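Note sheet for the following structure.
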């Protein structure tokens, strides 16, 4: 009874399905590399050269005509290329969209964290300003000290002047 198949678990694929199990990440990386290559100037230049050589040989070289004027074989090659390139490019775009979505979510969470930190620091700064408002500030202390120094220097000047007057009176 232990060897009986469970009805709540799907059967494993049999036959050809097991053969075609591919790693989605490996297929995606391959698709991205193909999409990157198809978007380069090198690919366009090579393709243009191949088309020019193909048409030249089929028009000018009478003995080598394997694809006469309507160039049906060349058209078939382009159609096949487009049939394979389009899904590969779409797969690469989907993977990039997924990466962009994850990056946007991380950016949003980071921005929310930075905003919370900024708001906390603003509240702390406001509370410090209130606390400092109750204490003597540096400018206030500096002003008081300079005022006291001025008063003290005036008192010293008065003291020096008074004995001179007494001396003058004694002389």
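A short reminder: the numbers here are calculations on the coordinates, not readings from a lab. Just so we're clear, the structure is a prediction, and the values are computed from it rather than from any experiment. Cβ placement follows ideal geometry from the backbone for every residue including glycine, while neighbour counts extend to all protein chains displayed.
A few points about this structure:
- Sole exception among (1) under 30 Å from residue 38 (Cα atoms); (2) surrounded by 10 or more Cβ atoms within 10 Å (Cβ to Cβ) for residue 106, by number: (1)
- Residues that are assigned to a loop (DSSP other than H, G, I, E, B) and within 29 Å of residue 95 (Cβ to Cβ) within the stretch 16-68 comprise 20, 21, 22, 23, 39, 40, listed in sequence order.
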